[in-house]
Each structure stands twice: as structure tokens, then as C-alpha cells.
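Here's the structure, in C-alpha cells; my notes come after.
The values are calculated or read from the model by the stated rules, or taken from the named source; none is laboratory data. Model, not experiment: these values are computed from the prediction. Cβ: placed from backbone, ideal geometry, glycine included. Neighbour counts: every protein chain shown. To get the accessible areas, we keep the full protein, side chains included, count just its heavy atoms, and leave off ligands, DNA and RNA. Shrake-Rupley method; radii C 1.70, N 1.55, O 1.52, S 1.80 Å.
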Amino acid sequence: MGVLTDESKKLNIAVLPGDGIGPEIVEQALNVTKAVCEKFGHALSYEYGIVGACAIDATGFPYPQATHDLCMNSDAVLFGAIGDPKYDNDPSAKVRPEQGLLKMRKDLGLYANIRPVTTFPSLIHKSPLRADLVEGADFMCIRELTGGMYFGRPQGRSEDGNTAYDTCIYTREEVERILHLAYKYARQRNNKVTMVDKANVLATSRLWRQIAQEIAPQYPDVETEYMFVDNAAMRIIQWPKSFDVMVTENLFGDILTDEASVITGSLGMSPSASIGIHTSVFEPIHGSYPQAAGKNIANPIATILSAALMFEYAFGMIEEGALIREAVAASMDAGVVTEDIANDAKAYKTSEVGEWIVKYISK
Ligand code: IPM
Ligand code: MN
């Protein structure tokens, strides 16, 4: 590893490749991380952990205690994806890979999931939207990640099995901390927060809106916009450029961020950062894409861009993150891309894209 200088830090990261294409894409992101550390003279140490279906197979638990301990003792977590079709097709399975992800979020206190939406000039033609609508779109979705219907109890079935229920619960504390975070990021961007809810129907949404109205005056330099979720779903495709920072509860955020990510042209490009009380987790927003696992065809860029977010958010290393982004843009300009965005041109392998980006960074 690089020489430790006065300005450099030691980066201690946990690497959780997970399932499906996770190991292939994380390998490339880790190589990029190593190259950046080498270049800037940061010492790096990393350790692998298991999570998801592979952890169930090995230990019976989707997020084993050893993996949690590893995450807690690291400065950042680089995460791939979880999920396996053998569980998707078995609704009666008691232990599921997704439980590992939810437990990790809860146990690490990752209450905010940050998903930047940016466009790439060379990818605009791949967007399902008209180029003039999407060109230059640049916003940030902040999804609450440890509350709402995902975690609310009771959740379950009636005794006869014919009635099912979930519970949506939010506390003032949960809403306040994520709204303050949204304003903090809006101040670093273009000073606008769009708070998305369903206050015309849901009690939890009315709490969100009430608290937002209390907090907004503390940020007079930031414009606050309130929007119902159905309207927001429409606006993301009609006028994506109108957003700067969008903040919303867990389930709405899950849905809207998938929608927002594809307007950039490919789901394979979108990174995310989950931050909160303990160690932050950096992961692509796409899933484990089991059909492609082991084929060396998956797009590693979302995970490589997640490593860029890791440098910025976990280590405050802005130049390092910027260099990764520059290298990714250069690889796309050079046409060194995987099949999902290759058009009719030659498609490169996962590892070839990663190697090209590493070379760019090391040059
Ligand atoms: C995501 C995923 C997860 C979620 C699943 C895999 C549980 O879709 O990170 O957005 O719903 O949060
Ligand atoms: Mn999702």
C-alpha cells in the first residue's frame, strides 16, 4: 500500500460482496479504491464479510454477528448486492437474504440513504425520456431508511391466513434528523428541498409535513416545496430538472429512487450512500442480477461510483472521489462500457471496464 504521509489517513474498510453479481462488481470497486489509495498515499486495509444468501448458506443467518462486528470496527463498508432467486420464488421461506440487508441498516443505524441522480452526456440517448427533459438533470434523493412500513410492527397475518397487515410508524426524532440532513445537503447544492409525502391520506405523512413546516423557517436560505408522492412520481419524469434535494420516507423513497435512477439511462450507473449512527455503507442501487452472475458482463460503474461516495462521505476525501468520477466519465467517452450501455458498439467485460478505470487513475 501507499506510504503514510502526514496528510494521509488509514482507511479501514469492510468489504461485503454479497450475492449474484456482487462479488464481480465489488472486486472492481475495490481495485479502484486500491488504485486511488496508492495514488494519494493513503494506507488501506480491508477485510471481507458475508451477507445475504451466501451468509444464510454458510451460517443460517443473513447478517451474522461476525459481519456486524466487522462493520462496526471499520470506517466504511463497501457493499455489493444481496438476493437469490431461490428465495424470491418461495414466499414461505422463513429466513430471507433481504432480512440481512434490513438488519444491517437497523443495527448500523443507517437512517439516511442518499441516492444522487446525475446524467452522463454519452448516455442520454439511453434514457427513456426525451433528451431535452433529462439533459442536465442533477438531484439528490434522501430516503429515510430505518423506519416506516419496513420496520413497523405489528406486521403479519391473521390466524386464518386471509388477512395481512403492515404498520407505518414514524417518531418526531426520526423525521427531524432526516429533514435536517436534507437541508444540510441542500445548502451544499442549490438550496431547495422537496419534501414528499401523502399528507392528504396518511397520519405519518401529516407528522412529516408538520415537522417540515416547523423546521423550514430555520433554513430561510433554502426553498421548501411540499409534494404528494403521486405527483412526485409524475414530476420525476415530466420535469426532473426541477428537483435539487428530495426527501421522503422509506417506502416512497424505495419506489421513487428506482424511478429516478433509470432516467439517467441505466440502472447500472447509480450509486448510493447509507449513513447514520455507526459505520456508513456504500452500495450500488441495483440488485444482485442473478442471471448475469459469474459471466463477467455486469456493469461495475454503480459500485465504482459508490466507492467515490465512500471517499467523499466517509473520509472527506473530495479530490479522490472526483478522480474516480473523472475516470468513469473518461471510460464512457472512450466507449469502454459493458453491454447494458454499449449500444451497437463493442461491449467490454466487467473486469475490462474496471481495469481501464484503474489504469486511468494510476497514470
Ligand atoms: C433497495 C432494495 C431493498 C429495499 C430490498 C432488497 C429489501 O430494493 O435497497 O432499494 O427495498 O430497500
Ligand atoms: Mn429498492
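Some points to look at:
- Cβ separations smaller than 9 Å between residues 6+ apart or across chains give the following pairs from region 271-293 residues that are of a type outside the set (Gly, Ala, Ser) and open to solvent by less than 20 Å² (accessible area, probe 1.4 Å) to residues that are within 10 Å of ligand 1 (Cβ to nearest atom) and assigned to a loop (DSSP other than H, G, I, E, B): PRO271/ILE285.
- Region 75-104 residues that are of a type in the set (Phe, Trp, Tyr), paired with ones that are part of a loop (DSSP other than H, G, I, E, B) and within 16 Å of ligand 2 (Cβ to nearest atom) (beta carbon under 9 Å, 6 or more apart): TYR87/ARG96
- For region 37-57, the candidate set comprises residues that are open to solvent by less than 30 Å² (accessible area, probe 1.4 Å) and among the β-branched types (Val, Ile, Thr); within that set, the residue that is nearest to ARG105 (Cα to Cα) is VAL51.
- Residue list for region 274-289, filter: away from ligand 2 (no atom under 16 Å from the Cβ) and charged (D, E, K, R): none
- Matching residues, region 151-178, being among the β-branched types (Val, Ile, Thr) and part of a loop (DSSP other than H, G, I, E, B): THR163, THR167, ILE169, THR171
- Of the helices (runs of 4 or more DSSP H) entirely within region 53-100, those holding at least 3 residues that are modelled with pLDDT under 95 occupy 85-88.
- Answer from LEU256, LEU181, LEU207, LEU251 - the residue that is open to solvent by 40 Å² or more (accessible area, probe 1.4 Å), at pLDDT 95 or above, under 14 Å from ASN113 (Cα atoms) and assigned to a helix (DSSP H, G or I): LEU251
- Elements of type helices (runs of 4 or more DSSP H) in region 265-363, at least 3 residues being within 16 Å of ligand 1 (Cβ to nearest atom): 301-309
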